[in-house]
Amino acid sequence: MFNFDLNTIETHLKNAKIAQVGFAADFNAARKKSVQSPTLYVLPLDDNYDDVSSVTGEDEYIATEIFAVMIVMPCVAGNVNSDSQIKTLRGKVKQAIAGCAFAPWQPIKLHRGRTVELSRETNNLIYQCQFKVTGNLTVSTKVIV
């Protein structure tokens, strides 16, 4: 279960007007769509919960959630132009997202980035910018009789 609302990231990217923001249910759906112009997809990647000592009788966790902004751009072959476009888009995405804080979560941090694929089927070049966000979650204990 992903607790951080990725809709806030999509809205933030749309407002930043870096590129079109598309919807994909998962990574495979995003990579199968042929695009005509650079398109961004926001996808959950991983989450981790670490127990925090609590004296309140509730379970407390530090949640770290990792998500990706997939940059998908039309590209027949890797070249200097496509490399330059990816660098520009990746810089704009990082600048738009890194450091943003959406209460009650801590500011978003850069995690890593990588080129995912150059697909001959769709003629897409895909670059993945990964971010992580940390927050505290409290779970009340439920007694079932």
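Summary table
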{"quantity": "Over 21 Å (Cα to Cα) - which of 33/132; 14/92; 17/94 fall in this group", "calculated": "33/132"}
{"quantity": "Efficiency of FRET from Cβ geometry, residue 16 and residue 119, R₀ 30 Å, rounded to 0.05", "calculated": "0.70"}
{"quantity": "Karplus-derived HN-Hα couplings along segment 105-113 (A = 6.51, B = -1.76, C = 1.60, θ = phi - 60°), whole Hz, x at Gly and Pro", "calculated": "7, 6, x, 6, 10, 5, 10, 5, x"}
{"quantity": "Residue-averaged 222 nm ellipticity for the chain, from DSSP H runs of 4+ at -39500 (n - 2.57), nearest 500", "calculated": "-7500 deg cm²/dmol"}
{"quantity": "Quotient of C-alpha Rg and 2.2 N^0.38 Å, computed over the chain", "calculated": "1.22"}
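Rule-based calculations on the coordinates, nothing more; no lab input. Predicted model, so just to flag it, every value in this text is computed and none were measured. Cβ sites come from the backbone with ideal geometry, for glycine too, and all protein chains shown count toward neighbours.
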